[in-house]
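First the structure, in the form of structure tokens, and then the observations on it.
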Amino acid sequence: SQELEQSPQSLIVQEGKNLTINCTSSKTLYGLYWYKQKYGEGLIFLMMLQKGGEEKSHEKITAKLDEKKQQSSLHITASQPSHAGIYLCGADSNTGGFKTIFGAGTRLFVKA
Amino acid sequence: EAGVAQSPRYKIIEKRQSVAFWCNPISGHATLYWYQQILGQGPKLLIQFQNNGVVDDSQLPKDRFSAERLKGVDSTLKIQPAKLEDSAVYLCASSLKVSGSRNEQFFGPGTRLTVL
């Protein structure tokens, strides 16, 4: 079965610093999603990547999918306290029906 | 546009009791999902409906969990009887998705269940 591994598990950064979160799949990714979850709340969709080499940006967040489609990274530029939360990568598992599986998440803390 | 609604937000029960969660998806969304998120882990799909039919329930512990989506709109998830390991956040999500396509899921705020 397909598994997603996220690194690091947690991250503490000073406000204004850049950071990168990684998501590695045990199998080829056919649809990669990034979500953000604030503590005690549901998930908020950030971006979806499908093609090898694809890159998308929204405000100060950029996500990339590598050419081999087995790894994705999420980069935040000039972090702010509002970026704090849990970042989850999800992928469509091709075991019928495109069931979405999720990584365990990266917990981001931003120090003001 | 109203989001995905869930109730209750919090529930505390004792083991062997029963509990039910309710979800109202975004209007017009054909697909509805129930996820279980244990503390420190990512969400795990329990069941996926398309309209009122089950698409995937392979990870639903059917001896104690049940779910239904009457009329292809609202859904309820029930646990009977609850075990200590069922303590988790239960997330409902919906999407416009039809089988074989990909698009984003919209999540509700979740129901935090504590089993004592």
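The values are calculated or read from the model by the stated rules, or taken from the named source; none is laboratory data. Computed from a prediction, not measured in an experiment: that's the story for all the values here. Don't worry about glycine lacking a Cβ; one is built from the backbone with ideal geometry, like all the others, and counts go over all protein chains shown. SASA here: full protein model, heavy atoms, side chains in, ligands and nucleic acids out. Shrake-Rupley method; radii C 1.70, N 1.55, O 1.52, S 1.80 Å.
If you go through the stretch A:48-96, how many residues are assigned to a strand (DSSP E or B), open to solvent by 10 Å² or more (accessible area, probe 1.4 Å) and touching a Ser or Thr at 6+ places or on another chain (Cβ under 9 Å)? Total meeting the criteria: 9.
With respect to the conditions (1) open to solvent by less than 50 Å² (accessible area, probe 1.4 Å); (2) within 14 Å of chain A (Cβ to nearest Cβ); (3) farther than 13 Å from residue B:23 by Cβ, residue B:109 falls short on a single one, namely (3).
To keep it simple, each residue is scored yes or no on (1) closer than 23 Å to residue B:36 by Cβ; (2) among the small types (Gly, Ala, Ser).
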position	(1), (2)
A:1	yes, yes
A:6	yes, no
A:32	yes, no
A:41	yes, no
A:52	no, yes
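Counting residues in the stretch B:58-76 that are of a type in the set (A, V, I, L, M, F, W, C) and under 24 Å from residue A:31 (Cα atoms) gives one or more. Here the stretch B:53-106 is the region considered, the condition is being over 13 Å from residue B:4 (Cβ atoms) and of a type in the set (Asp, Glu), and the residue that is farthest from the other protein chains (Cβ to nearest Cβ) is B:63. Collect the residues in the stretch B:13-26 that are within 17 Å of the chain's Cα centre (by Cα) and open to solvent by 70 Å² or more (accessible area, probe 1.4 Å), keeping them in residue-number order. Passing the criteria: only B:22. In the set A:102, A:45, only one residue is surrounded by 14 or more Cβ atoms within 10 Å (Cβ to Cβ), in contact with a Cys (Cβ under 9 Å, 6 or more places away or on another chain) and aromatic (Phe, Trp, Tyr); that residue is A:102. The residue that is farthest from the other protein chains (Cβ to nearest Cβ), counting only those in the stretch A:47-63 that are under 10 Å from the mean Cα position of the chain (by Cα) and under 12 Å from residue B:103 (Cα atoms), is A:47.
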